[in-house]
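What follows is one structure encoded as C-alpha cells, with my remarks underneath.
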Amino acid sequence: MSTKIKVMNYLVKVSYKPRCGRYLFPASFPNLNLSMFFSRNLIYLLIVSCFGCQYEQLSPVSDCSSSNLALSVVGDIQGANCGVSNGGFQVEATGGDGVYEYAIDDSFQTSGQFSNLSAGTYEVMVSDGNNCTSTVLVSIQNVDGINISLDVDDTGCGSTNGSIIVNATGGETPYTYSLNDASAVSSNTFNNLAAGEYTITATDNVGCVITQTVTLTTGVSYNATIDNIISSNCATSNCHGGNVSPNLSSLSNIQQNAGRIKAQTGSGSMPPSGKLSQTQIDAIACWVDDGAQNN
C-alpha cells in the first residue's frame, strides 16, 4: 500500500505494510510520529503509530532545488453562484519531468481541469515524475454576492502581533466575519495573531458566503539572519562546510535539510562545538516554519 505525504518542499511516496489490521492512511493515524533520516541527499521516513505498530518507507526523494517546475492558471476562471458549486478553472504545469499530477486537498488527478467548486480560494499543487512540486493559489469569485480581499500584517518570531483586515464588497450588507470557524462577528479586523494558516469566512445579510485562506509568517529572513547563523556555526571547514554530510554551504542544501537543522539546533546537538543562543535557535525554527524560503 502507498500514499503521498508532503514533507517540507517535497512530495514523498510512502509504502507501508499494516501489521495490526486494516487501516486507511493517514485518516486512521491522527497521532503518527514521523522521523526523517538523511543519507547522501536522500530523505527517508520512519513512521511509528501511537499503537506501537511500525510503518517504514525507504523511497528516496529527488533533489528538486534545480527544478523548473511551475504551475499557472490558463484561460478564464469561472465564478460560482452563491451557495452553488458551479465554479471552476484550469491550471497547467511546465518545466518539470515525466507525468504531471494535479491536486486540491491531496486528491490527485492527471487533468488540470477543476470544476464543481464553490466560491473561495484554492491552493492547487502539481507533482511531476520526480515528485517535485509547485503550487498556485486560485480564487473563485461569487458572481452574484459577497467577495473579499485581505490586508495582512505578519507577526514577528515568537510573537502574536499579526493581524488580518477583511475588505468585503458586493452582496447585501451588513456583513459578518469568522476566523477559523469561530462564532461570526461584525468586526472585519482580527488582531493578536501568531504565525500560521487562517481561514476567513465572510457572510452577507442574505446568507451568501465566501472563504479565503491566508498564511501569516514570522518574517525571519534567510539573507539577513539565517545565512550568517549557519555559515558561522555549522557550515565550517571541519563540520558541515564540506567534511561532514550534509554540506550546508548552499541554500538549496540548507532548504533540503531544514527540518533536520531545526530539530538538531533545538535539541542542542548542532553545532557540536556549543549550543546556539536561544534567539538563534528560535530564528531558525521560525524560518523553517515559514517554509524555509529564499528571502
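The values are calculated or read from the model by the stated rules, or taken from the named source; none is laboratory data. Fair warning: this is a prediction, and the values are worked out from it, not measured in the lab. Surface areas here come from the heavy atoms of the whole protein model, side chains and all, with no ligands, DNA or RNA. Shrake-Rupley method; radii C 1.70, N 1.55, O 1.52, S 1.80 Å.
Observations
- Test: THR215 is hydroxyl-bearing (Ser, Thr, Tyr), open to solvent by 60 Å² or more (accessible area, probe 1.4 Å) and under 24 Å from the mean Cα position of the chain (by Cα): yes
- Some residue of region 166-175 being within 23 Å of the chain's Cα centre (by Cα) and open to solvent by 30 Å² or more (accessible area, probe 1.4 Å): no
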